[in-house]
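S.K.: Structure provided below as structure tokens; questions to follow.
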Amino acid sequence: MKVLVITAPGLRPDYLGCYGSDWVDTPNFDQLAAAGIVFDNHHAIQPDGDGACQAWRTGTYRFPAVFSNGGSREFSEQPDLLTLLNAKAVDTYLIADAGRPSSKDFSQGWKTFRPSMSMDSHLKAIHKAIVQQANKENTLLWVDLPVLLPPWQIPDDFIAAYFQKPADEDADESSPAEEDDRPVPQIDPQPGVFASLDDGFLLQLQHTYAAAVTYLDTILGQVLEWLADADPEDQWLLIVTSQHGISLGEHGLIDRARPWLHDERIHVPLILRLPGGVEAGRRVFALTQPVDVPATLLEVFNLPAMGMDGQSLLHLAYGKQDRVRPYSCSGWQLGDEIEFALRTPEWKLILSSGNLSQPSIRDRQLYVKPEDRWEVNNVVQHHFELAEELEQKLKEFATKFSGEPPARA
């Protein structure tokens with residue numbers, strides 16, 4: 001089996017046409033979704049690069065130990081995707097941006113690792129690898145595309161498509177537009193917490209990100225074209241997903257300002273295209289998480305996912321199963337702030353735990369899903385008993401899969 005995994009940190013599903021966006025141009029993502037299987041409820045465990053890479057390499061959950069005096073799980077020995085694949089004689093190949101590595105541990109263990117310092121060299125390495133690996137019987141080619149990590153480096157024509165000043169019918173066409181009136185792209189938004197954000201700034205920020213997403217879509221289209229040229233028999237399995245989303249002003253946050261586990265940060269796309277386009281057009285509403293990706297890869301290569309917490313997605317992809325878990329859980333620590341989230345098909349609970357020595361930073365929150373997509377209406381006061389029940393489940397899960405608390409400086 002030949003497998004291509006494409007990851008794009010910072011990619012939000014709500015900016016993709018195949019996930020409901022009606023204003024961002026993403027024809028290649030939409031084409032891939034039409035030929036594959038779209039997973040609508042894929043949620044990050046720890047929504048940053050290190051957290052995603054840990055889940056992808058080990059297939060295990062790992063949460064901060066804050067609900068007990070110590071961790072309840074031993075992490076000294078854990079499964080490793082690359083060790084298992086290399087032992088099976090699968091040719092493993094990683095292409096990543098050397099300038100912005102997502103995790104030092106993730107780049108270890110690949111039979112071939114090609115770091116690149118520019119998008120041009122990145123694309124050349126991808127093209128070369130696709131042509132080379134197309135002749136292999138068993139191969140895993142993993143490509144990371146950090147196009148959506150600010151500061152954004154977006155070609156001018158993509159920026160222009162989202163920042164054309166609307167025509168003013170009453171304006172004198174002979175007079176040049178005032179520079180101060182032109183929309184300004186926000187190429188390098190600084191992380192922060194804001195009590196309020198100007199509507200004009202938010203529009204500029206979101207349109208700049210949209211331009212970056214369309215640029216990523218064009219890169220994806222080029223990769224798909226190379227794949228089709230190198231594999232006319234359509235034998236590759238393709239997985240496209242993301243390490244985490246990005247906050248673009250929602251809930252008063254920009255980027256990595258606080259570990260708040262709202263959907264703009266933890267809800268990420270997952271599209272799986274089977275060889276030959278089998279099951280094309282299927283949508284999967286089951287709750288899935290990054291630990292399921294390595295379990296899926298091991299099944300593809302006929303290996304057991306021994307010791308992994310994830311479940312293979314193939315049964316969902318073929319319509320033979322309608323769920324792999326009753327709820328998904330996320331946890332994130334930034335500095336002294338820690339939050340956890342539990343998502344069921346109908347509800348989402350967010351719990352700010354503080355840490356072992358500090359109280360919670362903000363109150364418990366409960367949202368109706370999927371109706372409250374942007375998580376603006378906290379209904380915890382109307383569903384107190386349900387919130388208590390979900391909180392208990394969340395604490396039990398986080399405790400079960402917790403390790404020792406990270407050392408503090």
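S.K.: Looking at Phe401, is it at pLDDT 95 or above and aromatic (Phe, Trp, Tyr)?
M.R.: no
S.K.: Can you find even one residue in the range 315-334 that is modelled with pLDDT under 95, more than 21 Å from the chain's Cα centre (by Cα), part of a strand (DSSP E or B) and within 15 Å of Ala398 (Cβ to Cβ)?
M.R.: No: zero hits.
Residues checked against (1) modelled with pLDDT of 95 or more; (2) over 16 Å from the mean Cα position of the chain (by Cα); (3) over 30 Å from Ala295 (Cβ atoms):
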position: Asp198; (1), (2), (3): no, yes, yes
position: Thr208; (1), (2), (3): yes, yes, yes
position: Asp229; (1), (2), (3): yes, yes, yes
position: His244; (1), (2), (3): yes, no, no
position: Ser247; (1), (2), (3): yes, no, no
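S.K.: Okay, moving on. Between residues in the range 297-324 that are surrounded by fewer than 16 Cβ atoms within 10 Å (Cβ to Cβ) and residues that are outside any helix (DSSP H, G or I) and among the charged types (D, E, K, R), which pairs lie under 9 Å by C-beta distance while being six or more apart or on different chains?
M.R.: Hits for this filter: Asn302/Lys88; Gly307/Glu77; Tyr318/Glu279; Tyr318/Arg282; Gly319/Glu279; Gly319/Arg282.
S.K.: While we're on this one: For the subset of the range 189-219 comprising residues that are touching a strand residue (DSSP E or B) at 6+ places or on another chain (Cβ under 7 Å) and of a type in the set (A, V, I, L, M), which member is surrounded by the fewest Cβ atoms within 10 Å (Cβ to Cβ)?
M.R.: Val193
S.K.: Given the criterion surrounded by 16 or more Cβ atoms within 10 Å (Cβ to Cβ), within 29 Å of Asn378 (Cβ to Cβ) and free of Cβ contacts under 8 Å to residues at least 60 places away in the same chain, identify the matching residue among Ser242, Ser247.
M.R.: Within the list Ser242, Ser247, the selection yields Ser247.
S.K.: Taking the range 208-267, which residues are farther than 27 Å from Tyr162 by Cβ and of a type in the set (Lys, Arg)?
M.R.: Result: Arg258, single match.
S.K.: Follow-up question, since we're still on this one. Do we find a residue being surrounded by fewer than 23 Cβ atoms within 10 Å (Cβ to Cβ) and assigned to a loop (DSSP other than H, G, I, E, B) anywhere in the range 266-273?
M.R.: No, the range 266-273 contains no residue that is surrounded by fewer than 23 Cβ atoms within 10 Å (Cβ to Cβ) and assigned to a loop (DSSP other than H, G, I, E, B).
Table: residues versus (1) farther than 24 Å from Asp50 by Cα; (2) in a helix (DSSP H, G or I).
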{"position": "His127", "(1), (2)": "yes, yes"}
{"position": "Lys136", "(1), (2)": "yes, no"}
{"position": "Pro150", "(1), (2)": "no, no"}
{"position": "Ile159", "(1), (2)": "yes, yes"}
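The values are calculated or read from the model by the stated rules, or taken from the named source; none is laboratory data. Remember, predicted model here, so these are calculated numbers, not experimental data. As a convention, Cβ positions derive from the backbone with ideal geometry for all residues, glycine included, and neighbour counts pool all protein chains shown.
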